[in-house]
Amino acid sequence: MKIAIVNGPNLNLTGSREPQIYGRTDFDTLLSTLRSAHPDVEIVYFQSNIEGALIDFLHSCIGNTQGIILNAGAYTHTSIALADAISAVAIPCIELHLSNVFAREEYRKTSYIASKCIGSISGLGMYGYKLALAYFINAGEDAS
Ligand code: DQA
């Protein structure tokens, strides 16, 4: 099984960026934890600060990836193009946010991608990625 973890803008700085909001763990640490815990799962990681690059990556998942865990960062709240890409690739996708976007600024309560995803996880920090991966492992290819 191949699962893609896709992170949008500014998430490359996680661990040092506003740690009171996003925590002190970086994605290298998370990925080695996930890969050690699930050696049988191919976990592909992609991060970009560029909207089009995220869309191109999602397109590249067609036909070879069983699930996508997507933290679109601020594009969550702005990008119809990213929402369309989730629909276009037709791969089960989980929306993820480290912080609880519903407990923050009003503009973070709008998500263009939520309705295109099978579900959303928000506010559980890095643990959210573990839960999302566990969902795909347990639900298998019938996740959608
Ligand atoms: C975020 C929440 C977004 O509102 C914000 O723009 C981010 C990170 C999160 O993981 O909590 O960059 O997606």
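Does the stretch 4-45 hold any residues that are out of contact with any Ser or Thr (no Cβ under 9 Å at 6 or more places or on another chain) and among the hydrophobic types (A, V, I, L, M, F, W, C), and which are they?
Within the stretch 4-45, ILE5, LEU11, LEU13, LEU31, LEU34, ALA37, VAL41, ILE43 qualify.
For the stretch 90-142, give me each residue that is over 14 Å from ILE5 (Cβ atoms), of a type in the set (Val, Ile, Thr) and surrounded by fewer than 19 Cβ atoms within 10 Å (Cβ to Cβ).
Once the filter is applied, which keeps residues that are over 14 Å from ILE5 (Cβ atoms), of a type in the set (Val, Ile, Thr) and surrounded by fewer than 19 Cβ atoms within 10 Å (Cβ to Cβ), the stretch 90-142 yields THR110, ILE118.
When residues of the stretch 83-113 are filtered for being outside any loop (DSSP other than H, G, I, E, B) and within 12 Å of the ligand (Cβ to nearest atom), how many remain?
From the stretch 83-113, those outside any loop (DSSP other than H, G, I, E, B) are 83-89, 93-97, 101-103, 106-109; that's our starting set.
In the following step, the residues that additionally are within 12 Å of the ligand (Cβ to nearest atom) were identified as 95-97, 101-103, 106-109.
Of the residues in that region, 10 qualify.
Quick one: count up the residues across the stretch 56-76 that are under 16 Å from ALA90 (Cβ atoms), in contact (Cβ under 8 Å) with a residue 24 or more places away in the chain and in a helix (DSSP H, G or I).
Of the residues in that region, 3 qualify.
What is the residue count in the stretch 16-44 for residues that are closer than 11 Å to LEU98 by Cβ and in a loop (DSSP other than H, G, I, E, B)? Quick ask: steps written out before the conclusion?
We begin by selecting, within the stretch 16-44, every residue closer than 11 Å to LEU98 by Cβ; these are 17-19, 21-23, 25, 27, 30.
From the residues that got through so far, the ones that are in a loop (DSSP other than H, G, I, E, B) too are 17-18, 23, 25.
Selection size over the stretch 16-44: 4.
No lab work stands behind these numbers, since they all come straight from the coordinates. Just so you know, these numbers come straight off a predicted model, no measurement behind them. Note: ideal-geometry Cβ built from the backbone for every residue, glycine included; neighbour counts use all protein chains shown.
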